[in-house]
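The values are calculated or read from the model by the stated rules, or taken from the named source; none is laboratory data. All of these numbers come straight from a predicted model, not from anything done at the bench. As a convention, Cβ positions derive from the backbone with ideal geometry for all residues, glycine included, and neighbour counts pool all protein chains shown. Calculation scope for accessible area: heavy atoms of the full protein, side chains included, ligands and nucleic acids excluded. Shrake-Rupley method; radii C 1.70, N 1.55, O 1.52, S 1.80 Å.
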Amino acid sequence: MVLELSSDKKTWIRQPIIVVLGHVDHGKTTLLDKIRGTAVAKKEPGEITQHVGASVVPASVLNKITEPLKKYFPKLVIEIPGLLFIDTPGHELFSNLRRRGGSVADMAILVVDVVEGFQPQTIEALNILKEKRVPFIVAANKIDRLEGWKAFPDTPFLESVKRQSPRTISILEERIYQLVGKLYEHGFESERFDRVKDFRRTVAIVPISAKTGEGISELLALIAGLAQQFMKKKLVTSEDAARGVVLEVKEEQGLGTTIDVIIYDGVLSKNDLFVVVGKNGPIVTRVRSLLMPRPLQDMRMHEGRFVQVDLVTAATGVKISAPGLEDALAGSPFYVIPSEDRIQEFTRMVQEEVSQIRFKGESD
Ligand code: GDP
C-alpha cells in the first residue's frame, strides 16, 4: 500500500470514501448489504472489511469481482487499496460528512428504482451532490422487476442482459432513457455506463439488482476505475496528524460517550490530542481508546462488540473513547493536534470552520 517515501514521510493511496443516496425504498440498504456480503464472501482470510460506521471492499475482492469483466474493460487494473462505504445511507448522514471546501465523501452512488424512476428524494439527493460537487454514478436498481426479466444471480449486467428477450431489453432501454431525460433536466449528461465515452462529462448509469446481485460487479468496478483515474491525487495521504469527521456521537455501555469518526487523512494513535466541536464550543481531549468492531468469528459476548487497537490509518471508520465527549456534535470536524503549543491554533480553526454550518438540533 506504501506508494513512495518522500522527505522521510510515508505516503499512500487511501480508499475512496463512498456514500449511497436515493429515494426511500429504492434499495439503498439492500445495495449496501449486498456489497458487504460480497466483500465478506470474497475476502482473503484475515482481511478486515468491517469498520465502525463503514465497510471496506478490499482490493483483493475488487480484483476477483472485476476478473469476469476483463473482456469488456481490458485496461482495468485495481490500484487503490479498496473502497470504503459509509454504512448508513441517505441525506442525513451525508450532510454530516462535510469538510472544509466540500464533502468527506469522494464519490456517491445515487440509487434510483428503475421502475419508479425519479422521486422527490432522488432530486433532493441530486441537488445535494451538485452543491457539494461530489461525483456520482447512478445505480438503476431493481432491474429484476422489469417485465419479463430473467434473473441470473450475481452475474455481471453485461452478461445477464445478453440473455434477456428483445422486449425486456427495449423496456430496460426505455427506462434508462427516462433517467437520462430526468438527469438532463437537472443539468447532467448521462448514458448507460458501457456507452459512456468521457466519464468526466457523462454520468454513468449502471443497471443493477441489489436483490439478485446482477450488475454489482460493474458498479464496483466502475467506482474503483473512476476513483483511480480521476482522483488519485486527492486520495494520497501520509503519516501526518489525522483528520476526520464525527459521524455519530454514541453512549456505549462501559465506555461512556464515544464518537464514531471517519478518518480521511493521516494516522491516529492512542493518546493523541484532538479537537472536536461541542454544543458549547471546541472540546480538546486525548484518545483513551481506539475501537474497531470485533471480528465475527471472534465474537465472545463478555468481551463486548469492540476490540482496542493502538493505531489506525486513513481511510477508516473508528470509534473513539475519550474523556469529555458528552457534548460533542455529529458532523463536527475532527483534528489531531500535533503538539500542545498548537491547541489554540486548532481550536480557532475548528471554530471558524463550524461558524458557517448548522448542526442537527439547532434551529433553521
Ligand atoms: P431504502 O429505503 O432505499 O434503503 O430501500 P431498501 O433497501 O430498504 O429496499 C426497499 C424494498 O425494496 C425492500 O423490500 C427490498 O427488498 C426491495 N428491493 C431492494 N432492491 C431490490 C431489487 O434490486 N429488486 C427487488 N425486486 N427488490 C428490491
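Please identify the pairs in which a residue from the stretch 98-115 that is at positive phi and open to solvent by 10 Å² or more (accessible area, probe 1.4 Å) has its Cβ atom under 9 Å from the Cβ atom of a residue that is away from the ligand (no atom under 11 Å from the Cβ) and not polar (S, T, N, Q), counting only partners at least 6 apart or on another chain.
G102/K132; G102/R133; G102/V134
For A139, work out the one condition from (1) touching a Leu at 6+ places or on another chain (Cβ under 9 Å); (2) assigned to a helix (DSSP H, G or I); (3) within 13 Å of the ligand (Cβ to nearest atom) it doesn't fulfil.
Only one criterion in (1) touching a Leu at 6+ places or on another chain (Cβ under 9 Å); (2) assigned to a helix (DSSP H, G or I); (3) within 13 Å of the ligand (Cβ to nearest atom) is unmet by A139, namely (2).
Per-residue answers, yes or no, for (1) β-branched (V, I, T); (2) away from the ligand (no atom under 16 Å from the Cβ); (3) in contact (Cβ under 8 Å) with a residue 60 or more places away in the chain:
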{"site": "K182", "(1), (2), (3)": "no, yes, yes"}
{"site": "E185", "(1), (2), (3)": "no, yes, no"}
{"site": "E189", "(1), (2), (3)": "no, yes, no"}
{"site": "F193", "(1), (2), (3)": "no, yes, no"}
{"site": "V196", "(1), (2), (3)": "yes, yes, no"}
{"site": "R201", "(1), (2), (3)": "no, yes, no"}
{"site": "I205", "(1), (2), (3)": "yes, no, yes"}
{"site": "E214", "(1), (2), (3)": "no, no, yes"}
{"site": "S217", "(1), (2), (3)": "no, no, yes"}
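So which residues in the stretch 142-179 are more than 16 Å from the ligand (Cβ to nearest atom) and either in a helix (DSSP H, G or I) or under 18 Å from G22 (Cβ atoms) (or both)? Explain how you work it out, then say what you get.
Restricting attention to the stretch 142-179, the residues satisfying the condition of being more than 16 Å from the ligand (Cβ to nearest atom) are 158-159, 162-163, 165-167, 169-170, 173-174, 177-178.
If the condition is that a residue be more than 16 Å from the ligand (Cβ to nearest atom) and either in a helix (DSSP H, G or I) or under 18 Å from G22 (Cβ atoms) (or both), then L158, E159, K162, P166, R167, I169, S170, E173, E174, Y177, Q178 are the ones that fit.
Any idea which of I143, I223, I176 is closer than 23 Å to L76 by Cα, touching a strand residue (DSSP E or B) at 6+ places or on another chain (Cβ under 9 Å) and either touching a residue at least 40 places away in the same chain (Cβ under 8 Å) or surrounded by fewer than 20 Cβ atoms within 10 Å (Cβ to Cβ) (or both)? So that I can check it myself, show each step before the final result.
Working: I143 fails: closer than 23 Å to L76 by Cα; I176 fails: closer than 23 Å to L76 by Cα.
Of the residues listed, the single one that is closer than 23 Å to L76 by Cα, touching a strand residue (DSSP E or B) at 6+ places or on another chain (Cβ under 9 Å) and either touching a residue at least 40 places away in the same chain (Cβ under 8 Å) or surrounded by fewer than 20 Cβ atoms within 10 Å (Cβ to Cβ) (or both) is I223.
Only one of L255, L219, L172 is under 24 Å from the mean Cα position of the chain (by Cα) and aliphatic (A, V, I, L, M). Can you tell me which?
Values: L255 fails: under 24 Å from the mean Cα position of the chain (by Cα); L172 fails: under 24 Å from the mean Cα position of the chain (by Cα).
Just a single option satisfies the conditions, and that option is L219.
If only one of I35, I65, I80, I18 is in a loop (DSSP other than H, G, I, E, B) and either out of contact with any Asp or Glu (no Cβ under 8 Å at 6 or more places or on another chain) or within 16 Å of the ligand (Cβ to nearest atom) (or both), which one is it?
Numbers: I35 fails: in a loop (DSSP other than H, G, I, E, B); I65 fails: in a loop (DSSP other than H, G, I, E, B); I18 fails: in a loop (DSSP other than H, G, I, E, B).
Only one candidate passes the filter, namely I80.
Scan the stretch 179-198 residue by residue and report those that are surrounded by fewer than 16 Cβ atoms within 10 Å (Cβ to Cβ) and of a type in the set (D, E, K, R).
Once the filter is applied, which keeps residues that are surrounded by fewer than 16 Cβ atoms within 10 Å (Cβ to Cβ) and of a type in the set (D, E, K, R), the stretch 179-198 yields E185, E189, R195, K197, D198.
Name the single residue, out of those in the stretch 240-280 being in a loop (DSSP other than H, G, I, E, B), in contact (Cβ under 8 Å) with a residue 40 or more places away in the chain and on the phi > 0 side of the Ramachandran plot, that is most open to solvent (accessible area, probe 1.4 Å).
Across the stretch 240-280, the extreme among qualifying residues is G254.
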